[in-house]
Amino acid sequence: MTALLRVNDVRKYFPIKEGLLIRREVGRVHAVDGVTLEVQPGETLGIVGESGCGKSTLARCIAGLHEVTSGSIEYHGLDRSRGQIQMIFQDPYGSLNPRRRVGSIIADPLVIHRSGTPAERRNRVRELMELVGLNPEHYNRFPAEFSGGQRQRIGIARALALRPRLIVCDEPVSALDVSIQAQVINLLKDLQSELGLTYVFIAHDLSVVRYVSDRVAVMYLGKVVEIAPAEQLYRSPQHPYTNALLSAASVADPDLAAKRERILLTGDVPSPILPPPACRFHPRCPKAAPRCSAEEPLLLGEDHRTACHYPGVMI
């Protein structure tokens with residue numbers, strides 16, 4: 001199958017500058033540092049990792065909100081198509097202009113891309129509101145008149161306005177109550193089935209990612225360290241960082257939770273300004289060997305790929 005999206009050795013560095021009159025670069029934050037992955041049509045690729053690992057920066061690079069420092073992002077073998085790749089943001093409060101009416105917010109992509117007449121845009125907006133479970137009669141209301149879950153539905157409707165094939169979901173439910181999270185997640189799955197959508201789903205909640213994803217990529221300090229089909233990764237993680245993440249995930253069954261052995265990592269996350277050489281996880285890895293600090297591991301394997309010299313092996 002031809003990939004819908006290809007991310008080829010993408011790097012995104014943010015310059016650190018000092019000086020009052022003459023600003024000079026004194027360093028760089030390596031937010032995304034050599035990520036390569038593919039997304040197939042109709043699938044959901046989940047991306048997980050702790051805060052600061054680069055997953056949201058990668059999401060914004062895919063959506064075209066950040067220009068990449070190097071590498072390339074291809075949509076159907078071509079440069080990104082802004083109309084065909086849209087984004088759902090994390091904060092349903094901050095991502096909507098409180099001074100504008102909901103109808104005009106949802107219509108913005110149509111106006112920017114000069115799609116249809118004003119009457120056709122109004123009809124399209126009402127269709128979108130109904131599609132995401134909002135009352136089309138509330139077209140002229142302001143965002144403050146909606147709950148958090150309803151505001152996120154407004155954001156979803158806006159993302160669907162141009163009929164995209166790929167949607168980047170940047171932690172779309174993390175700011176919502178648990179009961180509302182389930183509603184929004186199920187809405188996203190229904191829309192995927194109905195409209196044939198492809199998702200890149202960014203999240204830190206491992207249970208949510210397992211529920212929505214076909215495959216999962218694990219990021220650490222700007223790099224993908226493991227990528228595999230969701231059930232295979234959760235059942236048999238190969239990278240020690242993935243093992244540590246899964247050991248900290250919440251479990252509904254109290255008996256299973258009591259039996260689970262928590263893996264505690266020593267030390268702090270290294271600085272993305274000056275990341276460790278070779279394997280970036282080696283300063284915190286419970287099974288690090290001399291090779292890990294001297295040679296960078298490659299992301300190897302077929303369906304289940306791991307960037308580790310000793311995958312699944314305790315040494």
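The values are calculated or read from the model by the stated rules, or taken from the named source; none is laboratory data. Just so you know, these numbers come straight off a predicted model, no measurement behind them. Note: ideal-geometry Cβ built from the backbone for every residue, glycine included; neighbour counts use all protein chains shown.
Just name the residue that is modelled with the lowest pLDDT out of those in region 231-274 that are hydroxyl-bearing (Ser, Thr, Tyr) and surrounded by fewer than 17 Cβ atoms within 10 Å (Cβ to Cβ). I'd like the intermediate steps shown before the answer.
Filtering region 231-274 down to residues hydroxyl-bearing (Ser, Thr, Tyr) leaves 234, 236, 241-242, 247, 250, 266, 271.
Filter once more, so that each one left must be surrounded by fewer than 17 Cβ atoms within 10 Å (Cβ to Cβ): 236, 247, 250, 266, 271.
Details: 236: 93, 247: 86, 250: 64, 266: 80, 271: 91.
Ranking the qualifying residues of region 231-274, first place goes to 250.
Looking at region 142-172, which of its residues are of a type in the set (Asp, Glu) and either assigned to a loop (DSSP other than H, G, I, E, B) or outside the structural domain of residue 130 (by TED's automatic domain parsing) (or both)? Step through it out loud before you land on a result.
Start the filter on region 142-172 by keeping residues that are of a type in the set (Asp, Glu), which leaves 145, 170-171.
Scanning region 142-172 gives 170, 171.
Can you pull out the residues in region 207-230 that are within 18 Å of residue 185 (Cα to Cα), out of contact with any Ser or Thr (no Cβ under 7 Å at 6 or more places or on another chain) and either buried (at least 21 other Cβ atoms within 10 Å of the Cβ) or modelled with pLDDT of 95 or more (or both)?
209, 215, 216
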Residue 140 passes all but one of (1) in contact with a helix residue (DSSP H, G or I) (Cβ under 7 Å, 6 or more places away or on another chain); (2) surrounded by 13 or more Cβ atoms within 10 Å (Cβ to Cβ); which number fails? (2)
Tally time: how many residues in region 150-166 are surrounded by fewer than 19 Cβ atoms within 10 Å (Cβ to Cβ) and more than 18 Å from residue 112 (Cβ to Cβ)? 0
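Does residue 154 meet the test of being under 25 Å from the mean Cα position of the chain (by Cα), among the aliphatic types (A, V, I, L, M) and within 30 Å of residue 31 (Cβ to Cβ)? Before the answer, list the steps.
Values: under 25 Å from the mean Cα position of the chain (by Cα): yes; among the aliphatic types (A, V, I, L, M): yes; within 30 Å of residue 31 (Cβ to Cβ): yes.
In short, yes.
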Residue check: is residue 60 touching a Gly at 6+ places or on another chain (Cβ under 8 Å) and either assigned to a helix (DSSP H, G or I) or at pLDDT 95 or above (or both)? no
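Within region 85-100, does at least one residue satisfy the condition of being over 30 Å from residue 31 (Cβ atoms) and among the small types (Gly, Ala, Ser)? Walk me through how you get there before you give the answer.
Taking region 85-100 and keeping what is over 30 Å from residue 31 (Cβ atoms), we get 99-100.
Filter once more, so that each one left must be among the small types (Gly, Ala, Ser): none.
No, the conditions are met nowhere in region 85-100.
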Quick one: in region 167-201, which of the residues that are under 20 Å from residue 65 (Cα atoms) and of a type in the set (Val, Ile, Thr) is surrounded by the fewest Cβ atoms within 10 Å (Cβ to Cβ)? 198
